[in-house]
Every structure is written in structure tokens, then in C-alpha cells.
Amino acid sequence: HAYLTQTRVQQAKTLLRVGCSIADAAIGVGFADQSHLTRHFKRIVGVTPGQYLFNSKNVQDKLAGD
């Protein structure tokens, strides 16, 4: 079960990076809803999916500005 949850979170990270909404990513990888994904995402990754998106966007903006 832990492996499956980790795999789903990794797949959700990929979907989020390509522009999928958090709710759609949650359903797409097999979580019951956005809060279910958020709970596991924060436990595994250390930040919420929203924070992950925000930080990813800031890194891309910094790289584009160089």
C-alpha cells in the first residue's frame, strides 16, 4: 500500500508539472479527492501540492530570467 501511495504521488507531481489541476491530478492517479492527495503528498514530499506548484513556477521563472 505504501509503494502504491508513493507511486501515485510521483505520478501526481508529473501531472502537476505539465499543468494539470490538483483535483484532476488526484482523480487521475487514483486518489478519492484533492484532500486525499494533499494529505499523502505533504507527508511524502514535505509540501502541499499548491506549494509544490508555486515553488516549481518560481524556479522556472528564475531560470528563464538568467
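Could you tell me which residue of the stretch 36-57 is modelled with the lowest pLDDT, considering only residues that are open to solvent by 50 Å² or more (accessible area, probe 1.4 Å) and more than 18 Å from Gln6 (Cβ to Cβ)?
Filtering the stretch 36-57 for residues that are open to solvent by 50 Å² or more (accessible area, probe 1.4 Å) and more than 18 Å from Gln6 (Cβ to Cβ), the one modelled with the lowest pLDDT comes out as Lys57.
Out of the stretch 1-58, which residues are among the aromatic types (Phe, Trp, Tyr) and not in a helix (DSSP H, G or I)?
Scanning the stretch 1-58 gives a single hit, Phe31.
I need the full set of residues from the stretch 5-29 which are more than 11 Å from the chain's Cα centre (by Cα) and in contact (Cβ under 8 Å) with a residue 24 or more places away in the chain, in order please.
Thr5, Gln6
The values are calculated or read from the model by the stated rules, or taken from the named source; none is laboratory data. In this text, all values refer to a predicted model and were calculated from it rather than measured experimentally. Here Cβ is always computed from backbone atoms with ideal geometry, including for glycine, and neighbour counts include all displayed protein chains. Heads up: the accessible areas ignore ligands, DNA and RNA and are worked out on the full protein's heavy atoms, side chains in. Shrake-Rupley method; radii C 1.70, N 1.55, O 1.52, S 1.80 Å.
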